[in-house]
Amino acid sequence: MENTVIDVEFQNVSKYYGKEKVVDEVNFRINRGEIFVLIGPSGCGKTTTLKMINQLVPHSSGQIFVRGKNVTELDPVELRRSIGYVIQHIGLLPHLTIRDNVNFVLQLQRVPQKKQRERANELIKMIGLPDSYLDRYPHEISGGEQQRVGVARALAADPEILLMDEPFGAVDPLTREQLQNELLRLQKTIKKTMVFVTHDMQEAFKVGNRIGIMRRGQLVTMGTAMDIVNAKDDFVRAFIGREAVFSALDTIPVFQAIIRDCPVIHEGDAIDPADPRFKDWENVFVINQNGHCLGYVSLTDFKAHEKVTTEKLREITSPCLPSDSLKKAIGEMLWGKRAWLPVVTKEGNFEGIVSFQSCVSILALDD
Amino acid sequence: MEKDHLWMSTWKYLASKSDFWISTLLSHVMIVVWASLIVIVLGVVLGILITRIKPIRGVVLGVAGLFYTIPILALMGLFIPLMGIGLKPALIALSMKGILPVIRNTYAGINQVSPKFKEAAIGMGANRAQLLIRTELPLAFPVIFAGIRTAVVMNFSMATYAVFIGAGAMGTIILVGMRTFNDGMLLAGTLIVAIATILLDRILGWIEKRIQKRFAL
Ligand SMILES: Nc1ncnc2c1ncn2[C@@H]1O[C@H](COP(=O)(O)OP(=O)(O)OP(=O)(O)O)[C@@H](O)[C@H]1O
Ligand SMILES: [Mg+2]
């Protein structure tokens with residue numbers, strides 16, 4: 001990663017409620033522009049961890065740094081104004097219109113009226129709702145729309161850091177997926193640092209750059225989707241569950257599973273089926289001087305040392321890009337009833353192949 | 001025959017003495033307006049204070065409750081030797097009687113504001129004053145208003161006693177009617193107070209409903 005800045009850092013942070021330790025020696029660093037997901041069973045301390053970042057809940061021990069500053073040395077009101085917060089169960093203020101809800105943070109900071117009006121219009125567009133919604137009250141819009149407004153409200157003051165506590169918790173799966181897609185689309189332009197709490201593993205894999213799994217106040221494991229599906233911990237494996245693995249595949253790019261040492265010959269070369277390079281292989285790929293792939297030939301078509309002719313050259317069908325997801329590649333293989341797919345860059349350069357086998361093996365890297 | 005006569009004389013009084021009873025009603029209203037203003041301001045402030053300062057809660061509610069239970073005539077009787085007669089002691093007595101519902105409802109109204117809304121406001125960077133003014137008070141408003149309604153309506157009917165402390169108002173018409181055996185005047189005074197009180201209560205009730213609707217979740 002190019003010059004990473006750490007926006008949020010926890011060092012041995014614990015929280016006690018009375019004698020009960022609800023957050024236990026938690027350590028993590030969240031990079032600028034990253035979506036960090038906190039996930040775990042109900043009551044494991046996700047919300048508490050999140051609230052300690054903006055000091056809605058003061059920590060009992062350890063140190064918390066936000067954009068390099070120790071939070072205990074900051075004015076809590078100023079700290080909270082610099083961080084967007086989407087609370088669990090939305091919490092739109094029922095006595096205020098959508099406009100006033102969205103502008104709430106700006107009003108607290110006494111931003112001029114004109115600016116507030118402009119910002120409200122900008123935000124409502126950003127979350128894809130019509131302008132007319134600004135004059136409605138929260139109970140006059142749907143749950144999914146309320147959740148969007150909750151996100152807009154948190155973005156109003158354009159904070160660098162966004163805390164989101166189950167922002168899409170209270171909607172049906174379809175709307176939820178739509179909201180997730182919108183968030184990811186939005187994140188491409190706003191590039192905020194987000195701490196995102198959820199208890200839905202698929203959501204975690206989908207939106208998270210990195211994921212931290214919590215259990216009884218402890219951060220049990222933390223890493224990318226690939227790290228998480230490779231975790232050895234029984235609790236983590238049980239928590240992820242079988243279905244969520246598919247969502248993980250969605251976030252792992254094909255280039256992680258490319259077999260690069262598959263046999264290649266150049267255009268015009270002859271093939272000797274006895275060549276030791278071809279041992280264990282059925283096909284050989286043919287490339288030109290520019291590295292572009294022309295197709296492949298099946299070794300069974302060659303009896304002896306023989307030139308590659310156009311009749312023998314087979315066309316490469318449905319190649320995948322190195323940046324495609326494993327889910328897409330596996331789907332393509334199943335769909336086309338094939339055990340492998342060629343991987344070709346946008347420019348047409350041959351990179352290797354991806355197969356069921358190679359997908360499975362990267363999910364067990366450290367076995 | 002007797003009944004007709006009574007209604008007739010009431011009507012006659014209302015028609016012939018309209019200048020007098022209208023101006024008396026206006027002075028009644030003025031007393032109620034002042035007493036209500038005092039009650040609302042003091043009651044809301046005290047109500048807010050006892051949500052923030054626990055130790056004074058019991059004392060404030062206890063004293064206001066005491067005022068509420070003492071008959072207003074007893075209060076006035078207490079004031080005459082201390083302050084003499086007139087508008088001032090009347091206002092004080094009315095305020096003392098009416099303050100409990102406002103304090104109690106302000107306190108209850110703020111306390112029933114869901115923690116999630118308070119947390120949302122604090123989380124977005126509201127300071128203590130902003131939390132109170134922009135979130136707690138507006139969300140408590142329907143409940144506070146219900147307390148204000150009770151206090152104002154009570155003040156309106158209680159203000160009839162102001163006559164006993166020399167502050168006039170509608171009590172004058174009833175009292176004079178009684179003393180001079182003018183049944184028409186007595187009944188007219190009683191009717192005006194009764195109808196005005198009911199009307200006031202209905203109007204405030206209607207407003208209360210509107211407010212509740214507007215704040216519906
Ligand atoms: N104000 C509080 N006082 C005492 N205990 C609390 C308080 N807030 C939370 N807890 C306890 O701390 C633990 C962690 O709570 P937290 O809200 O962080 O859980 P969570 O992971 O967000 O759960 P959920 O998925 O249900 O939202 C729970 O056992 C909870 O009962
Ligand atoms: Mg929670």
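The values are calculated or read from the model by the stated rules, or taken from the named source; none is laboratory data. Note that the coordinates shown come from a computational prediction; the quantities given were computed from them, not determined experimentally. Note: ideal-geometry Cβ built from the backbone for every residue, glycine included; neighbour counts use all protein chains shown. Side chains included, ligands, DNA and RNA excluded: accessible areas come from the protein's heavy atoms. Shrake-Rupley method; radii C 1.70, N 1.55, O 1.52, S 1.80 Å.
Highlighted here are the helices (runs of 4 or more DSSP H) found entirely within region A:74-191 that include at least 1 residues which are away from chain B (no Cβ under 14 Å): A:98-108, A:113-126, A:143-155, A:173-190.
A count restricted to region B:112-139 and to residues that are in contact with a helix residue (DSSP H, G or I) (Cβ under 7 Å, 6 or more places away or on another chain), facing chain A (nearest Cβ under 10 Å) and in a helix (DSSP H, G or I) stands at 10.
Look at A:Lys125 and say whether it is more than 16 Å from ligand 2 (Cβ to nearest atom), at pLDDT 90 or above, in the same structural domain as A:Val86 (by TED's automatic domain parsing) and surrounded by fewer than 21 Cβ atoms within 10 Å (Cβ to Cβ). Outline the logic, then answer.
Details: more than 16 Å from ligand 2 (Cβ to nearest atom): yes; at pLDDT 90 or above: no; in the same structural domain as A:Val86 (by TED's automatic domain parsing): yes; surrounded by fewer than 21 Cβ atoms within 10 Å (Cβ to Cβ): yes.
No.
Taking first residues from region A:330-343 that are within 18 Å of A:Ser361 (Cα to Cα) and partners that are of a type in the set (Gly, Ala, Ser), the Cβ contacts under 6 Å between residues at least 6 apart in sequence or on separate chains come to A:Ala339/A:Ser355; A:Trp340/A:Ser355; A:Leu341/A:Ala329; A:Val343/A:Gly352. Pairing residues of region A:284-310 that are open to solvent by less than 30 Å² (accessible area, probe 1.4 Å) with residues that are of a type in the set (Lys, Arg) and assigned to a loop (DSSP other than H, G, I, E, B), at Cβ distances under 9 Å and at least 6 apart in sequence or on separate chains, gives A:Val297/A:Lys312; A:Ser298/A:Lys312; A:Phe302/A:Lys312. Looking across B:Arg202, B:Arg210, one residue alone is more than 17 Å from B:Met30 (Cα to Cα) and either within 14 Å of another protein chain (Cβ to nearest Cβ) or not in a helix (DSSP H, G or I) (or both). It is B:Arg210. Among the residues of region A:72-81, are any within 16 Å of ligand 2 (Cβ to nearest atom), in contact with a helix residue (DSSP H, G or I) (Cβ under 9 Å, 6 or more places away or on another chain) and not hydroxyl-bearing (Ser, Thr, Tyr)? Within region A:72-81, none of the residues are within 16 Å of ligand 2 (Cβ to nearest atom), in contact with a helix residue (DSSP H, G or I) (Cβ under 9 Å, 6 or more places away or on another chain) and not hydroxyl-bearing (Ser, Thr, Tyr). For region A:48-58, the candidate set comprises residues that are farther than 22 Å from A:Gln187 by Cα and more than 8 Å from ligand 1 (Cβ to nearest atom); within that set, the residue that is most open to solvent (accessible area, probe 1.4 Å) is A:Pro58.
Against the list (1) in contact with a helix residue (DSSP H, G or I) (Cβ under 6 Å, 6 or more places away or on another chain); (2) polar (S, T, N, Q); (3) farther than 26 Å from A:Val207 by Cβ, the condition A:Ser60 fails is (1). Determine whether A:Ile161 is of a type outside the set (Gly, Ala, Ser), away from ligand 2 (no atom under 16 Å from the Cβ) and within 27 Å of A:Ser60 (Cβ to Cβ). Yes, satisfied. Against the list (1) touching a residue at least 60 places away in the same chain (Cβ under 8 Å); (2) under 30 Å from B:Ser18 (Cβ atoms); (3) among the aliphatic types (A, V, I, L, M), the condition B:Ile148 fails is (2). Checking each residue in region A:325-347 for being open to solvent by less than 20 Å² (accessible area, probe 1.4 Å) and outside any strand (DSSP E or B) picks out A:Leu326, A:Ala329, A:Met333.
Filtering A:Val26, A:Val22, A:Val57, A:Val13 for residues that are within 16 Å of ligand 2 (Cβ to nearest atom), more than 17 Å from A:Pro167 (Cβ to Cβ) and either outside the structural domain of A:Met164 (by TED's automatic domain parsing) or without any contact (Cβ under 8 Å) to a residue 60 or more places away in the chain (or both) leaves a single hit, A:Val57.
The condition of being closer than 21 Å to B:Phe117 by Cα and surrounded by fewer than 21 Cβ atoms within 10 Å (Cβ to Cβ) holds for only one of A:Ser142, A:Ser61, that being A:Ser142.
Taking the stated definitions as given, is B:Val113 of a type in the set (Val, Ile, Thr), open to solvent by less than 30 Å² (accessible area, probe 1.4 Å) and farther than 21 Å from B:Glu208 by Cα?
So B:Val113 does not fit the description; no.
Looking only at region A:60-97, residues that are within 16 Å of ligand 1 (Cβ to nearest atom) and closer than 30 Å to B:Phe141 by Cβ come to 7 in all. From the list A:Asp158, A:Asp165, the one residue that fits, being acidic (Asp, Glu) and within 18 Å of the chain's Cα centre (by Cα), is A:Asp165. Could you tell me whether any residue of region A:27-47 is within 14 Å of another protein chain (Cβ to nearest Cβ), open to solvent by 30 Å² or more (accessible area, probe 1.4 Å) and within 14 Å of ligand 1 (Cβ to nearest atom)? There is at least one residue in region A:27-47 that is within 14 Å of another protein chain (Cβ to nearest Cβ), open to solvent by 30 Å² or more (accessible area, probe 1.4 Å) and within 14 Å of ligand 1 (Cβ to nearest atom).
Looking only at residues in region A:195-208 that are within 16 Å of ligand 2 (Cβ to nearest atom) and not in a helix (DSSP H, G or I), the one that is nearest to A:Gly33 (Cα to Cα) is A:Val195.
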